[in-house]
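The values are calculated or read from the model by the stated rules, or taken from the named source; none is laboratory data. It should be emphasised that the depicted structure is a prediction, and the values quoted were computed from it without experimental measurement. We place every Cβ from the backbone using ideal geometry, glycine too, and count neighbours over all the protein chains shown. To get the accessible areas, we keep the full protein, side chains included, count just its heavy atoms, and leave off ligands, DNA and RNA. Shrake-Rupley method; radii C 1.70, N 1.55, O 1.52, S 1.80 Å.
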Amino acid sequence: MIIIAGYTRVDPGKRDSAVEAFKGMVERARAFDGCLDFSISTDAVDPERVNLFECWRDEARLNAWRKVARGGPRGKPREVAVSLYRTDKAEKPF
């Protein structure tokens with residue numbers, strides 16, 4: 001399983017429209033074979049922060065997605081803090 005998680009920082013006045021611009025991409029990713037979860041969302045407390053989360057069945061499906069992924073704004077965020085994690089299992093947290 002591949003998890004990509006983190007955040008970017010953008011101008012607070014552009015954050016909501018930036019997230020909205022990714023709506024189509026999120027819908028396509030969620031329907032893509034091998035996508036377990038995909039989210040691009042505003043942060044509840046930081047007006048500059050856009051949270052990113054992706055969960056893929058395996059690296060092959062992630063790479064296939066990257067070949068067809070498109071959408072969202074093309075502006076450069078002020079900060080990017082995103083990491084890729086590899087795991088061989090998932091467990092219930094509670």
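Specify the residue that is farthest from Leu84 (Cα to Cα); the eligible residues are those in segment 3-16 that are within 12 Å of the chain's Cα centre (by Cα), β-branched (Val, Ile, Thr) and open to solvent by less than 30 Å² (accessible area, probe 1.4 Å).
Only one residue fits best here, namely Thr8.
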| Can you tell which of Asp37, Asp33 is assigned to a loop (DSSP other than H, G, I, E, B), more than 15 Å from Val19 (Cβ to Cβ) and not small (Gly, Ala, Ser)? | Asp33
| field | Filter result for Val10 (touching a Ser or Thr at 6+ places or on another chain (Cβ under 9 Å) and among the β-branched types (Val, Ile, Thr)) | value | no
| task | Answer yes or no as to whether Asp58 is touching a residue at least 24 places away in the same chain (Cβ under 8 Å) and either surrounded by fewer than 17 Cβ atoms within 10 Å (Cβ to Cβ) or farther than 15 Å from Ile2 by Cβ (or both). | result | yes
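Would you mind finding the one in Val19, Val26 that is at pLDDT 95 or above, assigned to a helix (DSSP H, G or I) and buried (at least 16 other Cβ atoms within 10 Å of the Cβ)?
Exactly one residue qualifies, and that residue is Val26.
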| Say we look at segment 29-54 and pick out the residues that are touching a strand residue (DSSP E or B) at 6+ places or on another chain (Cβ under 6 Å) and without any contact (Cβ under 8 Å) to a residue 24 or more places away in the chain; which of these is most open to solvent (accessible area, probe 1.4 Å)? | Arg30
| request: Look through segment 61-85, keep the residues that are modelled with pLDDT of 95 or more and open to solvent by 70 Å² or more (accessible area, probe 1.4 Å), and return whichever of them is nearest to Gly6 (Cα to Cα). | output: Leu84
